[in-house]
């Protein structure tokens, strides 16, 4: 499972330290890399796709990482984009009005709903 978040540089040390603590507490393997000069860091969580507990711990880690970034005035993604895995965080990050604005723009630009149907703003 690959993921990234982006936070203000001032929050970066705390967020990375907290992610490292979560990795240890959850007993997962997840290297952290990034181009941290812009506040963006990535993890690659190694997951056994046949182990539901492993998948649940990876998802818990991912959720914590994203929620922490939003709490620090960051974003759920710095460059990987919002897709199936992060759309559930959009309202928390941008508010209901912000997400509705995104839907309005999507409808205006894609009235037939043919571009990535249902992917981000169903």
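The values are calculated or read from the model by the stated rules, or taken from the named source; none is laboratory data. Everything numeric in this text was worked out from a predicted model, so none of it was measured. Here Cβ is always computed from backbone atoms with ideal geometry, including for glycine, and neighbour counts include all displayed protein chains.
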Give, as residue ranges, the strands (runs of 3 or more DSSP E) completely inside the stretch 1-57 that count at least 2 residues that are closer than 22 Å to residue 83 by Cβ and free of Cβ contacts under 8 Å to residues at least 24 places away in the same chain.
-> 32-35
If we scan the stretch 75-86, do we find a residue that is outside any helix (DSSP H, G or I), within 27 Å of residue 16 (Cβ to Cβ) and modelled with pLDDT of 95 or more?
-> no
Candidates 33, 47, 5, filtered to the one that is farther than 15 Å from residue 64 by Cα and buried (at least 16 other Cβ atoms within 10 Å of the Cβ) | 47
Residue pairs within 6 Å by beta carbon, gap of at least six or interchain, first lying in the stretch 96-116 and in a helix (DSSP H, G or I), second modelled with pLDDT of 90 or more and surrounded by 12 or more Cβ atoms within 10 Å (Cβ to Cβ), listed first then second, are 99/91
The correct count of residues that are surrounded by fewer than 13 Cβ atoms within 10 Å (Cβ to Cβ), without any contact (Cβ under 8 Å) to a residue 60 or more places away in the chain and over 10 Å from the mean Cα position of the chain (by Cα) in the stretch 58-83 is 1
